[in-house]
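Remarks on the structure that follows.
Each value in this text was obtained by applying a stated rule to the coordinates, not by laboratory testing. Just so you know, these numbers come straight off a predicted model, no measurement behind them. Backbone-built Cβ (ideal geometry, glycine too); neighbour counts: all protein chains shown.
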Amino acid sequence: MKNRILLDSFAVLAWMQDEPGAAKVEVCACNETLSLTAARIKADFPLAFADAIAAAAAQREGASVVTGDPEFKKIEHLVPIEWL
């Protein structure tokens with residue numbers, strides 16, 4: 001199985017600007033289960049809901065979150081983080 005990563009909004013902006021690595025990006029769907037998991041993360045930790053969705057998706061996909069957003073330091077124990 002290939003190493004999976006998940007981009008938060010900080011990294012997606014870099015992807016949208018066609019910076020190196022953009023071709024490796026895959027899109028994953030957000031369903032009700034993912035939304036509820038993200039809501040639980042958001043309820044427990046002070047971070048943006050979009051970041052909670054990224055964390056929940058990383059958990060579901062067995063992926064790391066790639067980010068430069070310092071808010072993710074609060075949830076490093078929940079998901080692997082690859083820092084930009």
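Estimated at 0.36 nm per residue, the fully extended path between Glu19 and Glu76 surpasses their Cα-Cα distance by 18.0 nm. Amide H contacts of Ser64 (H built 1.01 Å from N, in plane; Pro and chain starts excluded): Arg4, Ile5, Leu6 sit under 5 Å, all sequence-distant by 5 or more or on other chains.
Suppose R0 equals 25 Å; then what is the FRET efficiency for Arg40 and Leu84 from their Cβ-Cβ distance, rounded to the nearest 0.05? E(calc), rounded to 0.05, equals 0.45. All other residues whose Cβ lies under 10 angstrom from that of Trp83 are scored, Lys and Arg at +1 and Asp and Glu at -1, for a net of -2.
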